[in-house]
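Read through the structure below, which is laid out as structure tokens, and then see the notes.
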Amino acid sequence: MGFDIRGFELEELTGVEYRSRVEITGRVSRSLVEEISRSKKEPEWMRRLRLRALEYFEEAPAPQWLPYIQRIDLDEITTLYTKPDVEVASDWSDLPEEVRRIYERLGLPEAYARYLAGLTTVLDSESVFVGVKDFLRRLGVVMVPMEEAVQKYPDLVKKYFSRVFPYTDHKFAALHYALWSGGVFVYVPRGVRVPYPVEAFFFLGREMEGQFEHSLIVADEGSELVFIEGCSAPRLRRESFHDGMVEIYAHPSSRVSFVTVQNWSRNVINFNNKRAVAEEGAFVEWVEGSIGSKITVTYPSTVLRGEGAKTVSTLLSISNGGYIKDTGSKVIHAAPRTSSRVLSKSIVANGGLSVYRGLTQVNKGAVGSFSHVECESLILDEKSGSYTYPIVHLLERDADVGHEASTLRLSEDQVFYLMSRGLKRNEVISLVVNGFVRDVLRKLPFEFASMLKRVVELEFEEYGGVG
Amino acid sequence: MKSLLQVVGDSPTIKHYINPYEYARLVEEASRAGSIGEPVVRVEGARVAQSPTRDEYAGDCSSVYCLLHKRYESARYDIEVGGAPGKAVVEVNSGSLFSAVGLNLVVSSSGLYVLELNLNSKGSLSLSLTVDAEPGSRLLLRVKAGEGLASYLRLASGLGCCASERAVLVESSRVLRVEELVSVDSASLNEKAVVLALGRSVVDVDVLGRARGVGPALHVRQLLVSLGESTAAARGTLVAEEGSKEGSLVYGIEALQLGGLAFMQPRLEVRTNNVAEARHYARNVKLGTEQLFYLASRGLDPREASMLFVRGLVKEGLSDAALSNTLVEEVLRRVAPHLEA
């Protein structure tokens, strides 16, 4: 399989030009929210949900525990909804040339042709390409833009939308529900195992813009799905804001793997709200490669609601330069004999800051549950920092819970040792970084491992490449 | 009061194990009722004198509890222990609804010293204890808080050089918030804290440790034992300060739940890449049927096996034999009836 490294070439582009059909600008307000709802011709229940979320957003305080978000001025994000001047296409050739060119640079047509069962691409606030291969349709899998799902499958959407991650969770979740646009709805019927991954790709093309896509995945009993989420943006002169959401509902005995390769450009402030509910015997896997963005705040979470449900989170974050990655994983064991594993690795260099913020909670009655959390940070220079804030809540004594973490540094002794054996300094750093991430990479399927490895290589190119 | 409540922070998950608003309301109520009094401090086995200074709160005093203490502290005493190894007992009593007192403990003994601190008031007590220990000293601080209103203990210490080891045993039947501040500057401190939460109490221990200078070592290990319907929480942050070199930070929390709940948050902030070691862990521990079977097959009955298990947990992390043995005896004496049950 040939994987391209998405977004890196775009980093070098000075401008990505395409026309927009509708732009809704201004401050977050009731009239603005209603205008977005009106432009989407939404049913009344969705309009009301948006307005309830808006009320909550206006009243909720900004979280104090994220000091660096105090610097974010939402009023500066002027464009809160942008519909590109593009009709939704299911064939690449139907897209305008300037838009198609973006996706070709990202390698998406090739990826879709070679290994994806379905692909949705969201440009700014709307889906512009929706490709679903025939075999996927024949299996009865539904993969449509979120707006289409609201119109076509209202009962199904009502049943799950905002049920896994309610807008009352925090201020930015409420903002998301007030302004959401774009995203994808995937429903996998009972017993269906999707043999190839499906992907949603999000592209934020302009500065001072907000993107609020919503992805909802429902895996019915005994089904299986691998979902890839990709994110990219060109280098912008000013900031843009991403406040996306992923909700996964894994019915009994289903398996869902959710893989994120986040490579926003360095001007994007990225809030990504991700949560799954796993019923009896279900398995949810999160793989998070958090590479780009100015600030990233994301904690993939799973509520293990059914007996024997399992979750695994594998996280890799890189903060190279004065960027902040506030990531982690949260698990609530709410049923007996549930299990969770979290492996987190972060690398900080050139003044970067990495924060691990995790939660393991074992509720009363979740007897025989097991949880193991392991996180490691590698600090490459004195300007960088690494903080770890794990939380363990044990409300049930019959559980087996462990958390361990360590911070490693690039040791001058090791550098000296390896240099005395003929390696150059940048080769030594490459070797150390490569060894550090190998634990994560070998836990991933080959394709994801290759993709992330290449991303890491490019990120540390200044050190002479990795691997 | 509003300004005090504004300092209450939030967190992404559970907010506070003890509600600081309720505590602040309790103090406010005592203030309105004119029931803020000066506690009676009785000391045995040590020299005691009223301290003229009240500037112990520079720097890290930002919590609601500490700010309230600072506002209402009625007296501060110097307690000096030293010479031969030994034991001192400090009793704090008060007939008021709320009382706040400060203690400066100066330990000049290089041997093992045991300080017992008994909080006997039924009302709310706020106690600030600063520890100034001789280099190389070994201290066992035993705090016993009987039934009463929600109380606060602030434990601060600074060490300039050399190695020290200490153990803290907190036993509480009331709601108790403990804030501990530790700072090592080119020195080392090894601390083991055992928290026994009894009855329906809630004990929340919060540590802030800072490591500065060259080769600082700060190792904090906490064992939570929650008995009955109690809640024991241990959390805190160890910081390797910017510019520190070759520091060693270890923060470990273990929870033994004997009927109660346990919350653990061991945090690390590493602000330099020049650290020799920085790690933390949190886990629950239990004596399972497999371990019991293993020990039974070697001739130990379940009671002996449980005792051995607790002994191992308490000793872990302490290198001084006298200190660890004393701590083990103290803990076993209290936990044994529950283990048998």
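Any read-out appearing in this document is the output of simple, stated calculations on the displayed coordinates, not a laboratory observation. Everything numeric in this text was worked out from a predicted model, so none of it was measured. When we count neighbours, we look across all protein chains shown, and the Cβ atoms used for this are built from the backbone with ideal geometry, even at glycine.
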Inset, instruction - Add +1 for every Lys or Arg and -1 for every Asp or Glu among the other residues with Cβ under 10 Å from the Cβ of A:GLN361, and state the total. - result: 0
Legend entry - Amide hydrogen neighbours beyond the local backbone of A:ALA282, cut-off 5 Å, H modeled: A:SER253, A:SER254, A:ALA309, A:LYS310
Inset, instruction - Could you work out the Kirkwood radius for the protein assembly as shown, taking every pair of different alpha carbons, averaging 1/r and inverting it, reported in Å? - result: 28.5 Å
Legend entry - Average other protein chain Cβ within 10 Å of Cβ, residues B:256-268: 6
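Listed highest first by mean packing, meaning other Cβ atoms within 10 Å per residue, what order do A:313-321, B:73-81 come in?
Details: A:313-321: 24.9, B:73-81: 18.6.
Highest to lowest by the protection proxy: A:313-321, B:73-81.
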Legend entry - Placed amide H near A:THR338: partners under 5 Å, 5+ positions off or other chain: A:GLY308, A:SER369, A:PHE370
Inset, instruction - For peptide B:110-120, compute the average count of partner chain beta-carbon atoms within 10 Å of each residue's beta-carbon. - result: 0
Inset, instruction - Calculate, in whole percent, how much of the Cα-Cα pair population of segment B:2-285 lies beyond 31 Å. - result: 24 percent
Inset, instruction - Restrict the search to segment A:287-381; then list the trypsin sites (Lys or Arg not before Pro) that DSSP places in a loop and that have at most 14 other Cβ atoms within 10 Å of their Cβ. - result: A:LYS364
Legend entry - At 1.567 mPa s and 4 °C, Stokes D of segment B:203-341 from Kirkwood alpha-carbon radius, µm² per second: 78 µm²/s
Inset, instruction - Could you pull out every residue, at least 5 positions away or on a different chain, whose amide H is within less than 5 Å of the one on B:GLY228? Hs are placed 1.01 Å off N in the peptide plane, and Pro or chain starts have none. - result: B:GLY260
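Over chain B, what is the mean sequence separation of C-alpha contacts under 8 Å (at least six apart), divided by residue count, expressed as relative contact order in percent? Provide the component values of the computation, followed by the final result.
On the way: 917 pairs, mean separation 33.9, N = 341.
Computed value for chain B: 10 percent relative contact order.
Within chain A, which complete DSSP H helices have Cα atoms spanning at least 15 Å along the helix axis and a mean Kyte-Doolittle hydropathy of -0.5 or higher?
A:425-441, A:446-459
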Inset, instruction - Report the Stokes-Einstein translational diffusion coefficient (µm² s⁻¹, integer) for chain A, Rh taken as the Kirkwood radius over Cα pairs, at 10 °C with viscosity 1.306 mPa s. - result: 70 µm²/s
Inset, instruction - Using the Karplus curve 6.51 cos²θ - 1.76 cosθ + 1.60 with θ = phi - 60°, work out ³J(HN,Hα) for each residue of segment B:199-207 in order, rounded to whole Hz, and write x for Gly and Pro. - result: x, 10, 6, 10, 10, 10, 9, 10, 10
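Contact order normalised by length for segment A:8-298, with contacts defined as Cα pairs under 8 Å and 6 or more residues apart; what percent is it? Display every interim value, and only then the final one.
On the way: 688 pairs, mean separation 50.2, N = 291.
In percent, rounded to a whole number, it is 17.
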Legend entry - segment B:185-202 and segment A:230-297: distance between their alpha carbon centers, rounded to Å: 39 Å
Legend entry - Burial ranking of peptide ranges B:324-331, A:154-161 (average Cβ count within 10 Å, highest at the top): B:324-331, A:154-161
Inset, instruction - Report, please, the projected area of segment B:121-227 averaged over directions, based on the convex hull of its C-alpha atoms, in nm². - result: 6.0 nm²
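Can you compute the helix-only [θ] at 222 nm over chain B? Use -39500 (n - 2.57) per DSSP H run of at least 4 residues, normalise by all residues, nearest 500 deg cm²/dmol.
Per the formula, -6000 deg cm²/dmol.
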Inset, instruction - Equivalent ellipsoid semi-axes for segment A:289-447, as square roots of 5 times the alpha carbon gyration tensor eigenvalues: give them largest first, rounded to whole Å. - result: 34, 16, 13
Legend entry - Relative contact order computed over segment B:180-223 (Cα-Cα under 8 Å; 6+ residues apart), in percent: 60 percent
Legend entry - Global size of segment A:205-351 as Cα Rg and Dmax, reported in angstrom: 16.0, 51
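Could you tally the net charge around A:LEU51, taking each other residue with its Cβ under 11 Å from the Cβ of A:LEU51, Lys/Arg +1 and Asp/Glu -1? Walk me through the numbers on the way to the answer.
On the way: positive: A:ARG30, A:ARG47, A:ARG48, A:ARG50, A:ARG52; negative: A:GLU34, A:GLU44, A:GLU55, A:GLU58.
Net of charged neighbours comes to +1.
Using a 10 Å cut-off around each Cβ of peptide A:400-413, what is the average number of partner chain Cβ atoms that fall inside?
Details: counts 5, 7, 6, 9, 7, 9, 10, 12, 6, 8, 2, 4, 2, 0.
Partner Cβ neighbours, averaged per residue: 6.
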Legend entry - Inter-part distance where segment A:120-167 and segment B:221-275 are each reduced to a Cα centre, Å: 44 Å
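For A:SER406, what charge total do you get from the other residues with a beta carbon under 12 Å from its beta carbon, if Lys and Arg give +1 and Asp and Glu give -1? Could the numbers behind the result be given before it?
On the way: positive: A:LYS345, A:ARG409, B:ARG279; negative: A:GLU374, A:GLU376, A:GLU404, B:GLU277.
That sum, taken over residues with Cβ under 12 Å, equals -1.
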Inset, instruction - Could you go through segment A:87-96 in sequence order and give the Karplus-derived ³J(HN,Hα) for each residue, using 6.51 cos²θ - 1.76 cosθ + 1.60 with θ = phi - 60°, rounded to whole Hz, and x for Gly and Pro? - result: 7, 4, 10, 10, 10, 4, 5, 7, 7, x
